[in-house]
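Some notes on the structure that comes next.
Read-outs: derived from the displayed coordinates by stated rules, not from any lab. For clarity, every value in this text was computed on a predicted model and none was experimentally measured. Cβ coordinates were reconstructed from backbone atoms using ideal geometry, including for glycine residues, and neighbour counts include every protein chain displayed.
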Amino acid sequence: MLMKPIIKKIAFLQLILILLAGSAFAQTDNLCVFKETTALYVPLGDEIDITSTVFIPDSYYVMTTPIGLFPLLGQQWDIDYNNRTLVIYANGRVYLALDTAFALFDCLYTDTMEILDATSKVSYWLEGIGNQQILKVQWKNLHIGPGPAGNYFNVQMWFYKTTGVIEFRYGPRSANNATGYNTAGTVGIFAGIWHSNNNFTMMYEKIQVKGLPPNIQIDSVLNTNVPHIQGVPAEGTVYRFVPKAVAASVGVIEKGYEMSITPNPAINKVNISFGLPVKGDIAIVNAMGSVVYEAAINEERSVDISTGNFAPGMYYIKVSGRDGEQVKPLSITR
């Protein structure tokens, strides 16, 4: 199903970015930090192929299957067609819509993306169960239109349900994609994240990659300047956007606790229970990474915490002990 309001909004966004270039917003800080790392690139298997729907540069696929709450960019995004909309574009972009705001995730966004050959496709896969799910979107063997002849690239975008981490994972690419080139009259392509209200008067998040990989820089100033990346990152490169609330815990082996949170969303009280007795520390961290509650736990299997004094919003519960750390999202409503 195609949704014309989305197309109009995206086109209007491009116009606004040109007219308001450099304008500052009221928000003073981003919720995520950027980390560049490396990881083995593994193509998806048994994925849902949407190439029959997404086959021209500006076409897109609307996610209509409910996949639940994902804690992205400081809030819970209920990804299903009735309440929230997730759109996968052929040209290297994922779009998320709320009632009053939207978010763009660009791993290799350009106006001119083309199919290279019969192996080219756009697809996605929801991996794992429960809070351990990862939504993976893949652009396979695609060609950037006005770039060098025969150029191709592969990239995946991962959304982690447990931590709210977002990753751009770059796969095999042609050697002639290692340098910058013109696309639609501008140098390079877009790579980064953008989160704004629908009126473009409040910027919540902007982390854009610029420069020629591997020598990149990050533009995280909350204004409407949107720089380009020149060329395509080498295979194995990972651009990771980590919520500040969990930045210190990402990469820590999670085991032993089997932590569950009820109710979630919470109003006045939340219960955290564990599969085994835990000795260590428990903390609640807000979306900006500030600790709003902390206490010691001594061989306990269940903890009740009053949340009546917490402002509504997105939080993370972090438990640390002998067996490592466990971090899970908590939403508080009124």
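Note on Tyr60, Tyr315: ascending count of other Cβ atoms within 10 Å places them as Tyr60, Tyr315, the fewest first.
For Glu205, neighbours were defined as the other residues whose beta-carbon sits under 15 Å from its Cβ, and their charges (Lys and Arg +1, Asp and Glu -1) total 0.
Under a point spin-label approximation (7 Å from Cα along Cα-to-Cβ), what is the Asp117-Asp99 distance to one decimal in nm? Here the answer is 5.0 nm between the modelled labels. Remark: Asp106, Asp29 ranked as Asp29, Asp106, counting other beta-carbon atoms within 10 Å and listing the fewest first.
What is the calculated FRET efficiency for Asn309 to Val221, with r their C-beta to C-beta distance and R₀ = 25 Å, to the nearest 0.05? Once rounded, the FRET efficiency stands at 0.15. Per residue, the convex hull around the alpha carbon atoms of the stretch 105-241 comes to 121 Å³. Dividing the Cα radius of gyration of the stretch 114-155 by its Kirkwood radius returns 1.18 for Rg/Rh.
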